[in-house]
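Peer 1: Can you keep this structure in mind? I'll have questions shortly.
The values are calculated or read from the model by the stated rules, or taken from the named source; none is laboratory data. Values in this document were obtained by computation on a predicted structure and should not be read as measured data. Side chains are part of the model used for accessible areas, which takes the heavy atoms of the whole protein and leaves out ligands, DNA and RNA. Shrake-Rupley method; radii C 1.70, N 1.55, O 1.52, S 1.80 Å.
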Amino acid sequence: MTRNTRAPARTALFRKVGWLAVAGMVALSLAGPGAGTATATAVPAYATVSGYAEGSAANNHEATWGSDCTKLENPGGSTYVLTQNYAKVIVKAGSDVSTDGHANTVFNDPLAGQTVWADSNGSGAFDTAPEPADKTISHIIFCGPSVAPSVEPSVAPSVAPS
């Protein structure tokens, strides 16, 4: 009588693979609901606050800030990512109530990719909590754009004849 030794070996292999799969599922379930998903969240590069201006009818007009300024009404949200370099950006809070002189946040020379916001509580940082958190944006005034300085060598290399 010939005995087939391959069948028990194959069964043992499938049993080991099965238990390995079970162990993997248990490990993932213990690690937490988001353990199987890798996500990357970009951290905003916030522009530096240069100063503040009171909320007034005059400060709501782009001509107050310069002849090369334009205004974007209701950009939506609490932050705005710049698409180019500017000489100056003024962000107006959605409400002048309880801003204590911080209705307009001024950013000098902000760069493309940086985030600006209405720093209505005057902390110098974007705050969502605790109260008083920064307010939503009413409008943004862009002045410029600024031209990034070019970098050129100050001394040209030369070869002296020998």
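Peer 1: I'm trying to understand the selection: among the residues of the stretch 56-99, which are closer than 21 Å to Pro132 by Cα and among the aliphatic types (A, V, I, L, M)?
Peer 2: Matches in the stretch 56-99: Ile90, Val91, Ala93, Val97.
Peer 1: Quick one: which strands (runs of 3 or more DSSP E) sit completely within the stretch 69-149 and have at least 2 residues that are open to solvent by 20 Å² or more (accessible area, probe 1.4 Å) and among the hydroxyl-bearing types (Ser, Thr, Tyr)? Working first, answer last.
Peer 2: Values: elements: 69-73, 79-81, 88-93, 104-108, 114-117, 137-143.
Qualifying strands (runs of 3 or more DSSP E): 79-81.
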